[in-house]
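Following: one structure in structure tokens, then a few remarks.
The values are calculated or read from the model by the stated rules, or taken from the named source; none is laboratory data. Keep in mind that what you see is a predicted model, and the values were worked out from it rather than measured. FYI the Cβ positions are ideal-geometry reconstructions off the backbone, even for glycines, and counts take in every protein chain you see.
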Amino acid sequence: MEINLSGMSAVALQALAERASALAKDLRKGEPSYELALENGVEDRSYNTVRYGLVGSYRGEAVVTMADGRRWRCVGRGPRGDASHISAEGFIEFIPME
């Protein structure tokens, strides 16, 4: 995918540079972040409830390769419970790949 940078405003270019720097910093860490997982295909399906506020919910899978070459499988998990009781929030599981 190629982006035409010359057609972007200074503000948009600055935002892109800041985002790229943040992702590069995350890639240098030992384990992927939620941001890296979301950028690579895991969906944030979190939702608001009257009783529990924002309930974390994630869906899908992604593979993230860190700067050191290690690969991680990122799996989105939904919350546990039902409409009247949430027993566990959703999360993203990070599984090292051999």
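Here are a few things to note about the model shown:
- Residues that are polar (S, T, N, Q) and in a strand (DSSP E or B), drawn from segment 42-61: Asn48, Thr49
- Scanning segment 23-37 for residues that are closer than 17 Å to Ala62 by Cβ and free of Cβ contacts under 8 Å to residues at least 24 places away in the same chain yields a total of 4.
- Qualifying residue in segment 7-17 (condition: in contact (Cβ under 8 Å) with a residue 24 or more places away in the chain and either among the hydroxyl-bearing types (Ser, Thr, Tyr) or surrounded by 17 or more Cβ atoms within 10 Å (Cβ to Cβ) (or both)): no
- Enumeration of residues in segment 32-87 that are closer than 22 Å to Arg19 by Cβ, of a type in the set (Val, Ile, Thr) and touching a Pro at 6+ places or on another chain (Cβ under 7 Å): Val64
- When residues of segment 29-61 are limited to those that are β-branched (Val, Ile, Thr) and modelled with pLDDT of 90 or more, the one farthest from Ser84 (Cα to Cα): Val42
- Of the residues Glu18, Glu35, the single one that is part of a helix (DSSP H, G or I), within 12 Å of the chain's Cα centre (by Cα) and not polar (S, T, N, Q) is Glu35.
- Filtering segment 45-83 to residues that are in contact with a Leu (Cβ under 6 Å, 6 or more places away or on another chain) and within 22 Å of Lys25 (Cα to Cα) leaves Val64, Met66, Ala67.
- The residue that is surrounded by the fewest Cβ atoms within 10 Å (Cβ to Cβ), counting only those in segment 89-98 that are touching a Pro at 6+ places or on another chain (Cβ under 9 Å) and either modelled with pLDDT under 90 or under 17 Å from Leu27 (Cβ atoms) (or both), is Phe94.
- Whether a residue is touching a Cys at 6+ places or on another chain (Cβ under 8 Å), surrounded by 14 or more Cβ atoms within 10 Å (Cβ to Cβ) and of a type outside the set (Asp, Glu) was assessed, and Ile86 does not pass this test.
- Test: residue in segment 48-71 that is without any contact (Cβ under 8 Å) to a residue 12 or more places away in the chain, loosely packed, with under 13 Cβ neighbours inside 10 Å and touching a strand residue (DSSP E or B) at 6+ places or on another chain (Cβ under 6 Å): yes
- Hey, Tyr34 among the aromatic types (Phe, Trp, Tyr), surrounded by fewer than 16 Cβ atoms within 10 Å (Cβ to Cβ) and out of contact with any helix residue (DSSP H, G or I) (no Cβ under 8 Å at 6 or more places or on another chain) or not: no
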